[in-house]
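The values are calculated or read from the model by the stated rules, or taken from the named source; none is laboratory data. Computed from a prediction, not measured in an experiment: that's the story for all the values here. Every residue, glycine as well, gets a Cβ built from its backbone with ideal geometry; the counts of neighbours run over all protein chains shown.
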Amino acid sequence: MEMRELLEQVMADHKRLDEFNFKKGMATAAALGVLANPAMAKGLYVDPGHGGKDPGAVHQEYHEKDINLQVANKLASHFKDVKVSRDGDTFISLSNRAKGANEKDADVFVSIHVNSSDKAPTTNGSEVWYYTGSEKGKTLANDIATALGSERGVKDTTKFSVLKNTKMPAVLIELGFINDETDRKNLLSDKWQNDVAQKIANAIKNLYSGVK
Ligand SMILES: [Zn+2]
């Protein structure tokens with residue numbers, strides 16, 4: 001096994017173990033009746049994908065990084081205890097995104113992205129990714145996908161760095177396809193962005209009542 005592979009395996013095992021310990025801790029907390037204590041909550045971490053020299057998906061003059069930032073800002077505005085990986089057009093490495101969330105010790109990690117496909121205009125719609133084997137990630141992904149009415153549903157992967165290297169339940173949302181005409185109209189609409197941010201925020205708050 002290569003060093004990098006080994007390290008990734010250790011990180012993945014650590015993530016599963018962390019969720020196991022979290023569940024054990026929650027069970028103890030529930031038994032002690034301290035579950036509703038807001039002091040336990042450590043808030044939300046929102047990660048607008050790409051930025052700076054990395055535009056993400058591009059169609060004509062439209063860049064994924066800009067849409068990600070707009071929706072991420074709208075999502076963050078629903079929370080008091082929230083941190084973002086970037087609040088401007090700056091380049092942040094994938095490892096620093098996960099590191100930021102782990103340092104905050106956030107309860108929930110949400111990465112915002114926009115898709116692109118060479119099959120468009122036949123491919124469209126949103127999808128929500130979680131880390132393979134993460135039960136809490138899966139539940140969160142399911143709830144967000146339901147709230148959004150995601151056409152492409154929920155998917156799991158071990159390949160996304162930010163999902164792999166974050167310690168807390170984490171999802172990556174692909175809002176739609178930048179090179180699909182209908183999706184793009186939505187993605188660029190302030191009203192649609194507000195609606196989507198509200199739905200994601202509601203799904204998070206319904207599942208994690210302590211995250212405000
Ligand atoms: Zn992306």
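A single member of 83, 74, 119 is of a type in the set (Lys, Arg), more than 13 Å from the chain's Cα centre (by Cα) and closer than 14 Å to residue 48 by Cα, and it is 74. Could you run through the stretch 141-186 and say how many residues are surrounded by fewer than 17 Cβ atoms within 10 Å (Cβ to Cβ), out of contact with any helix residue (DSSP H, G or I) (no Cβ under 8 Å at 6 or more places or on another chain) and among the small types (Gly, Ala, Ser)? Residues that pass the stated criteria total 1.
Taking the conditions exactly as written (farther than 12 Å from residue 47 by Cβ, modelled with pLDDT of 95 or more and acidic (Asp, Glu)), does residue 151 satisfy them or not? Before you say what the answer is, go through the steps one by one.
Working: farther than 12 Å from residue 47 by Cβ: yes; modelled with pLDDT of 95 or more: no; acidic (Asp, Glu): yes.
Answer is no for this residue.
Listed by position, the helices (runs of 4 or more DSSP H) contained in the stretch 130-212 that have at least 2 residues being away from the ligand (no atom under 16 Å from the Cβ), of a type outside the set (Gly, Ala, Ser) and more than 14 Å from the chain's Cα centre (by Cα) are 135-148, 181-187, 190-207. Checking the conditions here, which among 88, 49 is on the phi < 0 side of the Ramachandran plot, touching a His at 6+ places or on another chain (Cβ under 7 Å) and small (Gly, Ala, Ser)? Residue meeting the stated conditions: 49.
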